[in-house]
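Before any comments, here is the structure.
The values are calculated or read from the model by the stated rules, or taken from the named source; none is laboratory data. Model, not experiment: these values are computed from the prediction. A quick note on method: Cβ atoms are made from the backbone with ideal geometry, for glycine too, and the neighbour counts reach across all protein chains shown. When the accessible area is computed, the model is the full protein with side chains, heavy atoms only, and any ligands, DNA or RNA have been set aside. Shrake-Rupley method; radii C 1.70, N 1.55, O 1.52, S 1.80 Å.
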Amino acid sequence: MDKIQPWPRHGRGDDIAAAAAFLASDDSEFVTGQAIVVDGGLTVGPMEKRRRPELDGLTGITRGSTGQPMDFRRIER
């Protein structure tokens, strides 16, 4: 698992609980018909096949087709 897990740590129960709490909160009122996968990127495949060294230590947010740029932030460890 350590070789294929893209996120720097394994998932914990509180990761699932946080997703469930979000879906149960008012913050998710505009979220409809989504399959939310809480797996640290495991289902997207091995990191080495899409490795970009310039992004090491960063996490990103994409805004899809909104025309807004992606937002990258440094991961605090």
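Assorted remarks:
- Single residue of the stretch 13-40 satisfying the filter (within 14 Å of the chain's Cα centre (by Cα) and part of a loop (DSSP other than H, G, I, E, B)) that is surrounded by the fewest Cβ atoms within 10 Å (Cβ to Cβ): Ala35
- Top-ranked residue in the stretch 27-75 [being on the phi > 0 side of the Ramachandran plot and in contact with a helix residue (DSSP H, G or I) (Cβ under 9 Å, 6 or more places away or on another chain); ranked as modelled with the lowest pLDDT]: Gly41
- Listed by first and then second residue, the pairs linking a residue in the stretch 8-30 that is in contact (Cβ under 8 Å) with a residue 24 or more places away in the chain to a residue that is open to solvent by less than 80 Å² (accessible area, probe 1.4 Å) and among the charged types (D, E, K, R), with Cβ atoms under 7 Å apart and 6 or more places separating them unless they lie on different chains, are Gly11/Asp39.
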